[in-house]
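One structure below.
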Amino acid sequence: MSEKKQIPEVDIVVDQEAGVIREVKPEHLRSKSGHERRVNTSVYVILVLMSVIWLAPFVFLVFQSFRSYATESGAMVAYLLPKQWSLDNYRWLLTDPSSKFLRWYGNTLIVAAFCAVLQTFMVLSVSYTLSRLRFRGRKLIMNVVLVLGMFPGFLTMITLYFLLKQLGLTQQGAVPGMILIYVASSGMGYYISKGFFDTIPKSLDESARIDGATRAQVFRMIIMPLAKPIVIYTILMAFMAPWGDYVFASYIAFGSEPNYNVAVGLYQWVNVADYQGFFTRFCAGGVLVAVPITILFLALQKYYVEGVTGGAVKG
Amino acid sequence: MTDLEYFKLSKPQKMLRDAGGFFARLPKGIGTGVRKLGMLIVNILKGIGANLSDLVTTFKDGDWKTRLSYLIMGFGSFARGQWGRGLLFFLFQTVFNLYMFFPNASISGCYYLGKLSTLGTIETYKEGRRTVYGDNSFFILLYGVLTLFFIAAFIYTWRVNVKQNRISEQLLKSGHKLKTTKDDLDSLRDEQFHKTMLALPTLGVTVFTILPILFMILVAFTNFDATHQPPSKLFTWVGWDNFRQLLSSDTASYGDTFRHVLLWTLIWAFFATFLNYFLGMLVAIMINKKGIRLKKMWRTILVMTIAIPQFVSLLYVSKMFAADGLINTYLMKWGWISSPLPFWTDPTWARVTIIVINVWIGIPYLMLIATGILMNIPADLYESARIDGANAFQMYKKITLPYMLFVTGPYLLTSFTGNINNFNVIYLLSQGKPLSLQLSGNAGHTDLLITWLYKMTVNDTNYKLAAVMGILVFVVTAVINLIVYNMIPSVKNEEDFQ
Amino acid sequence: MASVTLEHVKKVYDKDVVAVHDFNLKIKDKEFVVFVGPSGCGKSTTLRMIAGLEDISGGILKIGDRVVNDVEPKDRDIAMVFQNYALYPHITVYENMAFSLRLRKMDKEEIHRRVCQAADILGITEYLGRKPKALSGGQRQRVAIGRAIVRDPAVFLMDEPLSNLDAKLRNQMRAEIILLRKRVDTTFIYVTHDQTEAMTLGDRIVVMKDGFIQQVGTPQEVFDTPQNLFVAGFIGSPQMNFLKAKLIRNGNDYSVELLGTRTALNPDQNRALAEKNVQTQEIILGVRPEHTSVLFDGKENAIECTINVNEMMGSELHLHLSSQNKDKIIVRLPTVDLTKEQRQQLSYGNRMYITFPAKVMHLFDPKSERNLIYG
């Protein structure tokens, strides 16, 4: 099985006009035609330009996060490279008593961790059930979810705020409140993982059931081990979402600064507070958030791509 | 006209015919819809009738255990040894009764139900320095809705409880054994596994989505706003007033602003969806082109905008384009411009900037999707096209594009709906600014319905209009979905290309 | 080991689509029964109802003496082999075969013994450590069968187990199933669309179409005495020839008039037709390609045809003919008996003369499509 494929030095090609079989050098050995080379060059130019545009803001962000707060300024300035590189901003974020950054970071991390576990559980339960079990009301559930999805999510927030307030899960209780809100309705986002489950042959379930497994055992022993890519995808999505959420977090934690998540906290530095003084600190905070998330994402990129393309194709 | 004649027509003729066909089918479609609705109503009525007559026969034919179950839920199950089911029924009835007739009247279901029609009559007032709380309209409405839910659930459960008795009686009569509580528990892992799996998600969605949405739909018909805030003030039903206020063009109304915002929402959703779509596909084709090296690297670079949380990237980019941001300052430093470009201060500039920045965020996502699909297009399609003499552009037009559109049709639809509700991009970039005196209700030129809704809620606590707006967003989304579902064949005929 | 009884079993989808109508069959203990028919005939649905994978809309299904309508598949004591093998991709062949035994909490030693024994029977011992992905189609099919035999089930269900294999492997596996059946010796129900498989494997064949049973019988019965046009056409390859003809009654004697020829029927046939009081009528005459006689000299009472296609299959020759009425007739001739001149005579475009002996004629009523003698 593992014999290496030899790349042939020549391809055999049927020349249709001459009606003869010829030996031709394969593509990677053939000298490209001029037209082909010109096209490829322009594609490279475009790709390089795009790469610059795509990366520049992040590079700038990093530069500015290293600008010295003490000797230069924390505001937006008219130059890019710091005159003096320093860790002032980071030091302030992590150690200064008036900085709540660590607290926000912790809040978000807690929310993200809980969501990664609970939300994944909810989403997989729903998608598995709707994909592989047949029962009365299945179509109805899917239609109801479809209709509910057409209402803007924030609409529910007004009611939920008052509900949560009754339970003490706003402001001081914002962190558990956020977890509750993210997780409770997350079952509605079953679409992509259902698409994945749909691709696993049904005969596997049937075979296992004949072999003596209950449906719960089929789920645990057969389907879950096969669903690893989509499980990772779901965890990744559930973990990443809370880092970017502004709407719900800002509303639930309204006015209670220690209970913000990073998005809300950094947002007010830039837009509400005197952002000029906090700009480089925002940059440093952004770097601290973005770096671990980006590494995580790139490491699991494969699963993300699988989930996204699968979901879009199956609609 | 036969199919053969149709094939001979030129392209415009075909389109004309297709369009004609659509409108020709329209009355029939509407007719079918009306008929279906009528059938539905008839069926519901029939169902109710059947249930009622079944209740009577069950009572007449039933033994004393069954009859007693009409009053005490779960009694029959208990008496026949199914104590698990019996216990559940009985518990449910107890909780329901407790809730409805709680001795402390001000927190019982009946109290809320009774007040639902007025949303409270007793105002909160001050007696010296002490505040005496009256009715709280908010809770009356919320718990009123909850009580209605509860009553519906009770009727359903009661009906199931009676039905259980009948089924059990029949089973026993025909010599079968009844399921024991252990059987019932076992079946939750097997035949009834869907109930186990869906219990928690259903509860979550009911309490955290359905209930709030129903509540907000009702709020749209009240005057719940900054001047009617419980507990100090009452609010009450006002009928369609809020819709009138939001839609009509009187000076005191928001009609013009609403239309302005709605138009921009649709323009935005259109560009955000299709511009990203085509550019993303283009990039995917470029990266996947034969002979381009480092494919993985290009992809990874682009994917950075997905990986980095949007509030970091968008907030930073928003500042880059500010009047004192990097772009303006450098352009001025280099002497290309003398005053800052009005990225965020001129309505048109702001709109274009937002769409362009959204391309930066959106292309990678579509590039990934398109890459996945491009690789799935059967190679023999291209080979046969090449043999037929097609060039690269023709192949794109005749194979790649139709295939992509076909496969991603449903995705485009969800993406369009998603963009209508794309809060993050707008709010993190421009907060809806620039504001304008022409627009009322604090709306700005780049506000979408959803960000305007947010502002109304958070800044103005104008819940009634927020609720109306939410409903209108739903209507817009639903209408678009309906049209697309009926017009685009790919959403319906999923099999064609497979 | 158990019998399987189906009484008025019915399957209805969505309230009005009937997949199986009133299915009645008693399968004896240790019998090998094949359900055969074109796709959509309800054979798989019936099998899946027996397995418990589909609800039964009406009627009674018994395995042994137990009514199992509402019994879960796992409690029916059956094993099933699927068309696409349905091996669990994430565990080894060994674990695949042990899966059902582990679920039944069987003793480890016993599991090992059974898996090894089954692997030995099927010749897959050396693959026990592999994952299914690393196996060829034939090997996978063996594992699927092995997974079923370790269970030692009362009923063995097979749903088109050979359809995913190539032709050569299919022939080989077919022979192996015959051997396997001798060793396992239990009740088999086998579903296929391939009439050759049905004929070679089954003790009895159940021919189905559109949810109805067309005929139940041993392969020989179904082949010799097809009860209707469909069964006659479905069983046998190449397909039976069907020609418009006329049945003529003369007292208690009958004869068939076809393209100017006239053939008197045998006494047996006469008796059967007379008993049913069949009158002179139009019929559809069925004759199998291998039952045609070719006349190389003389054309007395013979049908004149033109040769359209001449297919040399090696041991036999298939001729596609057309009569003067443009009827298509296929003739199958063993090549052993043909002389060189005769072969020459049977080439494209030539004229030839054929006759149908009375004993090979199948007579069908054009309206009811039933066999006038056996139907």
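Overall, the protein assembly as shown carries a charge dipole of about 1280 debye about its Cα centre when +1 sits on the Cβ of Lys and Arg and -1 on the Cβ of Asp and Glu, all other atoms neutral.
Binning the C-alpha pair distances of the range B:232-373 at 5 Å intervals from 0 yields a P(r) profile of 2, 8, 11, 13, 13, 13, 12, 10, 7, 5, 3, 2, 1, 0, 0 %, listed from the shortest bin outward. In percent, rounded to a whole number, the relative contact order of chain C is 15, using alpha-carbon pairs under 8 Å and six or more apart. Filter the cross-link list A:Lys194/C:Lys30; B:Lys36/C:Lys10; C:Lys133/C:Lys182 down to pairs whose alpha-carbon distance in this structure exceeds 32 Å. A:Lys194/C:Lys30, as the Cα separations exceed 32 Å there.
Between the listed residues B:Ile210, B:Ser339, B:Leu294, the Cα displaced farthest toward the positive end of the dipole of the range B:208-349, a dipole computed from Cβ unit charges relative to the Cα centre, is found at B:Leu294. Distances between placed amide hydrogens fall under 5 Å for C:Phe32 paired with C:Phe188, C:Asp203, C:Arg204, all partners being 5 or more residues away or on another chain.
Taken about its Cα centre, the range B:255-492 carries a charge dipole of about 580 debye when Lys and Arg each add +1 at the Cβ and Asp and Glu each add -1 at the Cβ. Translational diffusion of the range C:158-233, estimated by Stokes-Einstein from the Kirkwood radius over alpha carbon pairs at 25 °C in a medium of 0.890 mPa s, is 184 µm² per second. Among A:Tyr161, B:Tyr125, a tally of other beta-carbon atoms within 10 Å of each Cβ gives an order, fewest to most, of B:Tyr125, A:Tyr161. A straight Cα-to-Cα reach below 22 Å connects B:Lys319 with the lysines A:Lys83, B:Lys333, B:Lys433, B:Lys455, residues fewer than 8 places away in its own chain not being considered. For the range A:142-160 versus the range C:99-116, the inter-centroid distance based on Cα atoms is 50 Å. Under conditions of 25 °C and 0.890 mPa s, the range A:237-294 yields 206 µm² s⁻¹ as its translational diffusion coefficient, taking Rh as the Kirkwood radius over Cα pairs in the Stokes-Einstein equation.
Peptide B:469-475 is shielded by partner chain Cβ atoms: per residue, an average of 4 of them sit within 10 Å of its Cβ. For chain B, hydrophobic long helices are taken as DSSP H runs at least 27 Å long by C-alpha position along their axis with mean Kyte-Doolittle hydropathy of 1.0 or more; these are B:255-288, B:347-376, B:463-487.
With a 10 Å cut-off around each Cβ of A:235-242, the average count of Cβ atoms from other chains is 1. Applying the Karplus relation 6.51 cos²θ - 1.76 cosθ + 1.60 with θ = phi - 60° to the range C:334-350 yields 3J(HN,Hα) values of x, 7, 3, 7, 8, 7, 4, 5, 4, 4, 4, 4, 8, 9, 3, x, 6 Hz, where x marks Gly and Pro. Placing one equal scatterer on every Cα of the range C:4-233 and applying the Debye formula, the log10 ratio I(q)/I(0) at q = 0.11, 0.14 Å⁻¹ is -0.56, -0.89. Shape index of the range C:240-364: Rg/Rh, with Rg the Cα radius of gyration and Rh the Kirkwood radius from the inverse mean 1/r over Cα pairs, equals 1.01. Its Cα gyration tensor gives the protein assembly as shown an equivalent ellipsoid, and the semi-axes of that ellipsoid, as √(5λ) in whole Å with the largest first, are 66, 43, 31. Comparing B:Asn43, B:Gly21, B:Phe7 along the charge dipole axis of the range B:3-46, the residue lying farthest to the positive side is B:Asn43, per the Cβ-charge model. If you take the square roots of the eigenvalues of the alpha-carbon gyration tensor of chain A and sort them as a ≥ b ≥ c, do you get rounded (a/c under 1.5), prolate (a/b over b/c) or oblate? Since a/c reaches 1.5 but b/c is at least a/b, the shape of chain A is classed as oblate.
Which pairs break 31 Å Cα to Cα here: A:Lys139/B:Lys173; C:Lys246/C:Lys299; B:Lys177/C:Lys15; A:Lys202/C:Lys11; B:Lys115/B:Lys464? Distance filter (> 31 Å) returns A:Lys139/B:Lys173. A simple rule links phi to the HN-Hα coupling: the Karplus curve 6.51 cos²θ - 1.76 cosθ + 1.60 with θ = phi - 60°, which for the range B:243-254 gives 4, 4, 5, 6, 9, 7, 9, 4, 5, 7, 9, 9 Hz, with x for Gly and Pro. Volume per residue of the convex hull around the Cα atoms, evaluated for the range B:3-46, comes out as 66 Å³. Highest GNM mean-square fluctuation among A:Thr108, A:Thr95, A:Thr214, for chain A modelled with Cα contacts below 10 Å: A:Thr214.
Taking every alpha-carbon pair in the range B:43-101 and binning the separations at 10 Å intervals from zero gives 23, 36, 35, 5 percent.
For the range B:255-492, the C-alpha radius of gyration divided by 2.2 N^0.38 Å, with N the number of residues, is 1.18.
Mind running the shape call on chain B? Use the C-alpha gyration tensor, a ≥ b ≥ c as the square roots of the eigenvalues: rounded below 1.5 for a/c, prolate if a/b tops b/c, oblate otherwise. Note, shape of chain B comes out oblate. So what is log10(I(q)/I(0)) for the range A:41-170 at q = 0.18, 0.19, 0.21 1/Å, when the Debye sum runs over its Cα atoms only? Each listed q corresponds, in turn, to -1.08, -1.12, -1.22. Size estimate for the range B:60-139 follows the Kirkwood approach: the inverse of mean 1/r over distinct Cα pairs works out to 15.7 Å.
Around the Cα centre of the range B:62-239, unit charges on the Cβ atoms of Lys, Arg, Asp and Glu (plus for the first two, minus for the last two) sum to a dipole of about 460 debye. Within the same chain, aspartates and glutamates fewer than 8 places from B:Lys126 are excluded, and of the rest, those with a Cα less than 17 Å from its Cα are B:Asp135. Within the straight-line cut-off of under 29 Å between alpha carbons, the lysines reachable from B:Lys11 are B:Lys28, B:Lys397, B:Lys398, B:Lys492, sequence neighbours fewer than 8 places apart in one chain being disregarded.
Converting phi to 3J(HN,Hα) with the Karplus coefficients 6.51, -1.76 and 1.60 and the offset θ = phi - 60°, the range C:21-34 yields 9, 5, 8, 10, 6, 10, 9, 6, 4, 6, 8, 10, 10, 10 Hz in sequence order, with x at every glycine or proline. For peptide B:447-458, the mean count of partner chain Cβ atoms within 10 Å of a residue's Cβ comes to 3. For C:Glu316, nonlocal amide neighbours, meaning residues 5 or more places apart or on other chains whose placed amide H falls under 5 Å from its own, are C:Thr335. Projecting the Cα atoms of B:Leu482, C:Val294, B:Gln192 onto the dipole axis of the protein assembly as shown, where Lys and Arg carry +1 and Asp and Glu carry -1 at the beta carbon, places B:Gln192 farthest toward the positive end. Panel order for A:Arg132, B:Arg259, by other beta carbons found within 10 Å of each beta carbon, from fewest to most: B:Arg259, A:Arg132.
Solvent-free Debye calculation, one equal scatterer per alpha-carbon of the range C:114-216: log10 I(q)/I(0) at 0.11, 0.17, 0.20, 0.22 Å⁻¹ equals -0.36, -0.83, -1.09, -1.28.
Read-outs throughout are calculated quantities, based only on the coordinates presented, and are distinct from any laboratory measurement. Note that the coordinates shown come from a computational prediction; the quantities given were computed from them, not determined experimentally. Neighbour counts are summed over all protein chains in view; Cβ atoms, including those assigned to glycine, are modelled from backbone coordinates with ideal geometry.
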